[in-house]
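Heads up: the structure comes next, in structure tokens.
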Amino acid sequence: MYDREADHDIEVLFPWREMTPDEYAARYGHNVWCYSFHRMRFRNPEIGRWAVRLGELLTDSDKMERVRREILSPAEYAEVQQRIADDALLAVADVAGSAEEAKMPRLSSYHSVTETILYKEWFASGHSRKNIFTQLGGARGCLKLVVTNAFLHVSILFPFSLGAGLFDLNHTIPRSRIVSVRRTRYFFRTAIIVTFRDAAELEGTLCLHPRRPDAFLESLGGETTAP
């Protein structure tokens with residue numbers, strides 16, 4: 001029994017043909033916040049071995065340290081260590097968003113941020129309905145969703161985040177600016193349609209495919225319609 005779409009997800013999310021799992025872990029493992037592919041069953045045994053090995057590394061800090069020292073140059077190793085050291089601060093900035101953009105006070109500590117989180121997911125899918133280009137593009141399995149009692153944060157995981165601006169998928173939306181939230185079906189999948197107004201009073205719409213749509217919808221207060 002194979003896990004549905006597991007092979008396809010690895011094909012889309014990871015450069016398994018071009019890079020060994022050891023090199024990927026050494027160079028990008030610090031950016032992977034959630035990983036469960038090593039528990040799945042794959043049709044392609046090569047993909048399966050790659051995914052299992054990556055999971056073995058990501059869940060063992062000693063092995064991660066060893067492959068970093070073996071594969072990375074001294075300068076690359078130092079850069080990765082600096083990123084790891086800054087991770088808590090970056091997480092606060094990423095989750096809290098821009099205080100000016102969100103028009104809300106900055107949260108002062110990581111503890112205060114985690115207390116406000118109602119939903120978080122790192123492997124959702126979705127697209128913006130801003131124009132025909134964003135509707136045809138979007139993110140599949142690499143969209144990060146964070147809902148707190150103050151805002152909805154949408155962003156694309158690195159390295160796919162390099163195209164976030166093109167696809168209009170980098171938003172920190174105060175919940176007070178959300179116009180409506182509704183559940184629908186889009187290409188035979190459950191979709192949550194979120195319509196909001198930005199600081200310039202321009203309306204935007206995101207079509208999101210969370211892996212736990214019921215929990216995501218509940219975190220936003222259920223379905224709502226525009227007044």
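The values are calculated or read from the model by the stated rules, or taken from the named source; none is laboratory data. Everything quoted here is computed from the prediction, not taken from an experiment. Methodologically, a virtual Cβ is constructed for each residue, glycine included, from the backbone with ideal geometry; neighbour enumeration extends over all protein chains shown.
Worth a mention:
- Selection within the stretch 1-18: residues that are more than 22 Å from residue 68 (Cα to Cα) and touching a Gly at 6+ places or on another chain (Cβ under 7 Å). The member of this set that is modelled with the highest pLDDT is 9.
- Filter pass, residue 58 being farther than 23 Å from residue 140 by Cα, surrounded by 19 or more Cβ atoms within 10 Å (Cβ to Cβ) and at pLDDT below 90: no
Each row is one residue, and each column tells you yes or no for (1) of a type in the set (S, T, N, Q); (2) surrounded by fewer than 18 Cβ atoms within 10 Å (Cβ to Cβ).
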{"position": "181", "(1), (2)": "no, no"}
{"position": "186", "(1), (2)": "no, yes"}
{"position": "191", "(1), (2)": "no, no"}
{"position": "212", "(1), (2)": "no, yes"}
{"position": "225", "(1), (2)": "yes, yes"}
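- Residue list for the stretch 180-201, restricted to those being of a type in the set (Phe, Trp, Tyr) and closer than 18 Å to residue 220 by Cβ: 186, 196
- Screening 195, 190 for residues that are within 15 Å of residue 127 (Cα to Cα) and modelled with pLDDT of 90 or more leaves exactly one candidate, 195.
- When residues in the stretch 19-36 are screened for being part of a loop (DSSP other than H, G, I, E, B) and at pLDDT 90 or above, 2 of them pass.
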